[in-house]
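Asks: Got a structure for you, questions after.
The values are calculated or read from the model by the stated rules, or taken from the named source; none is laboratory data. In this text the structure is predicted, and so the values were computed from the model without any measurement. Ideal geometry is used to build each Cβ from the backbone, glycine not excepted, and the neighbour counts take in all protein chains shown.
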């Protein structure tokens, strides 16, 4: 191999290494966004499930109070005069407790729905970022500029959905 060929090969290797560094940096940035998307997506999902469980528990408690209130109302109509007054007071207390339970359960449902809104855009971000990493990896091997462009585009789409899922919903 001549000195000229050796110099050309060294320049080509240096150029390829520079391109690989750019692609590696792209992969690192996309992976960071992916990790953030997955962490926030799982957090939103966990919060949504937690709020749903809390709301379900409160609705079950609401039903128990409803049964107790119904029994107290029956007792206030059918019981002796001394029992009727006490039973009516219990029925009113159960109704007030039901109203408070219902308010709390609806608040949990609202929080659940708010948390659940973040899931779809974060899921789209995750998918876009995963595909972008795969394309960038293939680009590093094949040196095809179209894969670089596709990876960059999908990385940008993933970032947009990440931002949308976090702040705009």
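Asks: Select from the range 92-112 the residues that are free of Cβ contacts under 8 Å to residues at least 40 places away in the same chain and under 16 Å from the mean Cα position of the chain (by Cα) and list them in ascending order.
Replies: Matches in the range 92-112: 110 only.
Asks: Listed residues 44, 24, 16, 55; which is closer than 20 Å to residue 115 by Cβ, surrounded by 12 or more Cβ atoms within 10 Å (Cβ to Cβ) and modelled with pLDDT under 95?
Replies: One residue alone meets the criteria, 44.
Asks: Which of (1) surrounded by fewer than 19 Cβ atoms within 10 Å (Cβ to Cβ); (2) touching a helix residue (DSSP H, G or I) at 6+ places or on another chain (Cβ under 7 Å) does residue 151 not meet, given it meets every other one?
Replies: Result: residue 151 passes all but (1).
Asks: Further, regarding this structure: Does the range 33-46 contain at least one residue that is over 30 Å from residue 152 (Cβ atoms) and in a helix (DSSP H, G or I)?
Replies: The answer is yes; a qualifying residue exists.
Asks: If residue 135 satisfies every condition in (1) touching a helix residue (DSSP H, G or I) at 6+ places or on another chain (Cβ under 6 Å); (2) surrounded by fewer than 19 Cβ atoms within 10 Å (Cβ to Cβ); (3) more than 12 Å from residue 40 (Cα to Cα) but one, which is the exception?
Replies: (2)
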